[in-house]
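Undergrad: Quick one: structure below, then a few questions.
Read-outs: derived from the displayed coordinates by stated rules, not from any lab. Predicted, not measured: the structure shown is a model, and the values here were computed from it. We place every Cβ from the backbone using ideal geometry, glycine too, and count neighbours over all the protein chains shown.
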Amino acid sequence: MVQKYQPLNLAERLQTFRSQKFTGLVCFQSDQSSSTGDKQKYFVSFRLGEINYAGIVTPDLDAIADQLSETLDHPFFKMSFRIAREQSKGSDSPRTVLSKVVATRIVTWEQIESSMQSQAESTFRLIVQSPGEIASEPNAGSDLCFGDDSHGLDWSAIQKALESPTTSAPSEQPSASLLQSKAEESAVSLSVAASADETSAEVTSAGAKNLPTILSVDDSPIVQKMIQRTLSQECNVLLADNALVALKILNKVEEISLVLLDVNMPGISGLDFCKTIRGIPKFKDLPVIMLTANEGRVSKAMGQIAGSTLYLTKPVDDQKLISVIREYTSAGGVAPGQGSQASLSAV
């Protein structure tokens, strides 16, 4: 059923949806035309009467991901979102996927909510500029909600936005400078400690604090045990069986001296993972040793293009692996990334 609305009674219309604990999608079609000449549409999602999304596109998972990628601007967000979506087995539930992303501590529920709140307020300032029509579709909205208590967006802030319409042109994304600043501050303040149920990382020789720390990323438990056994006297070893866990560890542990990275992993490959971390300034010079069962110049070239420091073919001889680790970490008395070019070509 389509109804008319006026700017002056828009808050009252929204309050009706709240009091009815409406769950679904509401489309506001403004009488004011957009830049394309069509009447501008705005979409507002309700969950049990609470607003959880407002924007100029429908609140599907891709739209929410684009919004958060733009405003949070975290170097690991896109990759962690992609992995979380794959681990959700094709689920289109924003709550399910974002819960997995939040579990990595790459971003927090507070940052996600702040981003969506900012977009919602910007959207309502645009809706209230002119009269139009309202159409509602029950049970069609997003299941997005925030925090451990699954609450919606701040209604009082939305009311204030309705009282202060803007004259700016519609935009899918609001300004994000403040959100970016908060995201950076949050990343710096993350705790290094992680409980056993949050990560599959395992530290060997934990008491040997004078040893360098490396991160081994491989989905094979057999390979990981071999690496752990071989290197236990040379360094502290953190183990990750997929890219999502590896991202979490890199985001939290500052003293990692080197990454051993399997090329062929399910979901995000080692090549994609390497390309991603090479795009982050603080990991630009981090030694990344890629391990693969594939041989040949093409494979090695792909590893070099991705930004690997060195490319080793499995199975790797124990002494050769120890030699490489010593060369690229303080275990061998050589600063990371300062190994000789002659030894690189010889391995």
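Undergrad: Can you give me the Kirkwood hydrodynamic radius for the range 51-149, using every pair of distinct Cα atoms, in Å to one decimal?
TA: 14.3 Å
Undergrad: Would you mind pulling out the separation of the Cα centroids of the range 233-285 and the range 52-94, in Å?
TA: Using only Cα atoms, the two centres lie 22 Å from each other.
Undergrad: Tell me, rounded to the nearest percent, the portion of alpha carbon pairs in the range 26-85 spaced more than 16 Å apart.
TA: Here the long-distance tail beyond 16 Å is 57 percent of all Cα pairs in the range 26-85.
Undergrad: Applying the Karplus parametrisation 6.51 cos²θ - 1.76 cosθ + 1.60 with θ = phi - 60° to the phi angles of the range 64-76, what ³J(HN,Hα) value in whole Hz is obtained for each residue in order, glycine and proline being reported as x?
TA: Each residue's phi maps through the Karplus curve to give 5, 5, 4, 4, 6, 4, 6, 7, 7, 6, 8, x, 9 Hz.
Undergrad: Order these peptides, 58-69, 152-163, by their mean beta-carbon neighbour count within 10 angstrom, highest first.
TA: Averaged packing, sorted descending, gives the order 58-69, 152-163.
Undergrad: Something else about it: Between THR213 and residues 5 or more places away or on another chain, which pairs have amide H atoms under 5 Å apart, with H built 1.01 Å from N, and which residues are they?
TA: ASN236, SER257
Undergrad: Amide H neighbours of VAL57 under 5 Å, at least 5 residues apart or on other chains, H built in the peptide plane: list them.
TA: PHE43
Undergrad: Right, another one. What is the set of long-range amide H partners of THR23 at a cut-off below 5 Å, with H atoms built 1.01 Å from backbone N?
TA: LEU48, GLY49, ASN139
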